[in-house]
Every structure is written in C-alpha cells, then in structure tokens.
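Coordinate-derived values only; no laboratory data. Please read these numbers as outputs of a predicted model, since none were measured by experiment. Quick reminder, even Gly has a Cβ in these numbers, built from the backbone with ideal geometry, and neighbours come from all protein chains shown.
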Amino acid sequence: MCGSRQWNTALLVTLIPWVIIFGILNLVLMIFPGWLAPFSNTFGYGVARLMGVSDLLDKIFKAKLEPSATDKVMVEALEHIYSDKSLLINEITTSNFDRFWTNMSSLFKSGVADNGDLKQQLYGFIRLKDIVAEYMWYLLTGGLVTSVGYNYVVNAGCSQNLKDMKQKDKKYNENANTLHDAQKGVKPRIYTMTE
C-alpha cells in the first residue's frame, strides 16, 4: 500500500476484527448454547446420521411393540421414535444428556441402561453434532471477519509524511532523468521495407 510497509494498518486490520468479532461470537455461544441448535439439528444431525447414529438407536431402544401391549404410552413413544429418529436426536443436547438417559431408560432394551459403552457412543454423536455446529459458526464468522478486513484495506487511504513524499519524488525524477539521458545517445531504429 502506498509503496511502503504500513505495520499499524496491517495490525489494526488483522487483530481488531478477529479479536472483537470472533471473541464476541465465542462469548455468545457460551452464554446462549441454543444458538448452536440450527446448525446442530441440520448439518450436525446429517453428519451424525452418516456416522451411524440411527443404527445405534436401534441397538438402544426396544423393538416396536404390538398395539396390544399393556402400556399404551410406551407403545406411542416407541412409534414416535421409530417414525422419525431425528426428532429424538435433535432434542438431546450435551447439557440434558444424563437426564435423557435416566428418563428414557424404561424404553431401552434390557441391559442397555447400565451399558456405559452405548451411553458413551450416543454422547459422542451428540457432541459431534455440537462440534459441527460450532464449525459452521466459525466458518461464517471467519468469512465475515475476512470481508471486514478486506473492506478496510480497500478503503484505506495512503498516509505518508511530507519528507517521505519528497524523497520518493526526488528518486522518481532521478530515475526519469537517467532514463532520458540514456535514450539521448541511442539513435532510433529505422525500419525499411523492400519489395
């Protein structure tokens, strides 16, 4: 910019937007974890589904019960789970996971409630959803910070003092005179055509 290094502008354009905008985003995500939900329930669920969360739910929950079963509430709950597993997965967060595990244990297959391995696997999928959501927020915020910095650089003017401008002008005039003097002694080329 302006033919010279401007460290102050570079530092200002880089440090301030990243610290302020990215710092505020991290604070907001810590204070309001619900802001992760839109990306967690879409992109995060998609990644978790590709990684096999549906198969894990089949291992955890009882098979569909016959309508003649004694507990109609349990039958309805299992039907909702098997009709759309995303509804259940998207309601579970890292903060309510233990409460979910305790409350839903009556719908688990026998021995699952005490199976720490299945519990950890499911928690891993829930955490994966949150990680994907955080990544999406960071990606969008990084784009915003980059465009803020770019706009500042594009709109920044040159700030040079008079002494630097006089030195550059003097150097430019010396180079122009040297080039002009060098061209004085050289005869111009003349091209001729013969037919």
How big is the dipole moment of the chain about its Cα centre under a simple scheme where the beta carbon of each Lys and Arg is +1, that of each Asp and Glu is -1, and everything else is neutral? Debye, nearest 20, please. 1180 debye
Helical contribution to [θ] at 222 nm, DSSP H n ≥ 4, -39,500 (n - 2.57), averaged over the chain, rounded to 500: -20500 deg cm²/dmol
Ranked from highest to lowest mean number of other Cβ atoms within 10 Å per residue, what is the order of the peptides 167-175, 146-154? 146-154, 167-175
Taking the structure as given and computing P(r) over Cα pairs in 5 Å bins from 0, in percent, which label from [x] 1, 6, 10, 11, 9, 8, 7, 6, 5, 5, 4, 4, 4, 4, 4, 3, 3, 2, 2, 1, 1, 0, 0; [y] 1, 6, 13, 16, 17, 15, 11, 8, 6, 4, 2, 0, 0; [z] 1, 8, 12, 14, 14, 12, 11, 10, 9, 6, 2, 0, 0 fits? [x]
Given H placed on each backbone N at 1.01 Å, which residues far from Phe61 in sequence or on other chains put an amide H within less than 5 Å of it? Lys109
Determine which residues of the stretch 86-105 fall in the zone a paramagnetic label at Leu139 would reach in this model, i.e. backbone nitrogen under 17 Å from the point 7 Å along Cα→Cβ. none
FRET efficiency (Asp84, Ala113; Cβ distance; R0 22 Å; to 0.05) is 0.40
Less than 14 Å from a label point 7 Å out along the Cα-to-Cβ axis of Thr9: which backbone N atoms in the stretch 142-157 qualify, by residue? 149-157
How about the stretch 90-124: which trypsin sites (Lys or Arg not before Pro) there lie in a loop by DSSP and see at most 14 other Cβ atoms within 10 Å? Lys109
FRET efficiency for Ser95 and Val19, Cβ-Cβ distance as r, R0 = 22 Å, nearest 0.05? 0.20
Say R0 is 35 Å: what FRET efficiency, to the nearest 0.05, do Asp164 and Val186 get from their beta-carbon distance? 0.55
Farthest towards the positive end of the dipole of the stretch 74-153, among Tyr152, Leu87, Trp101 and with Cβ unit charges of +1 on Lys and Arg and -1 on Asp and Glu, lies the Cα of Tyr152
I need the phi-derived Karplus couplings for the stretch 79-86: 6.51 cos²θ - 1.76 cosθ + 1.60, θ = phi - 60°, integer Hz, Gly and Pro marked x. 5, 5, 5, 6, 6, 8, 5, 5
Quote to one decimal, in nm, the extra length available between Val153 and Ile31 on full extension: 0.36 nm per residue of separation minus the C-alpha distance between them. 40.7 nm
Longer than 18 Å from Cα to Cα, which of Lys59/Lys85; Lys59/Lys119; Lys72/Lys119; Lys85/Lys129 are they? Say none if no pair is. Lys72/Lys119
Which value, in debye to the nearest 20, gives the size of the charge dipole of the stretch 136-195 about its Cα centre, when Lys and Arg are +1 and Asp and Glu are -1 at the Cβ? 260 debye
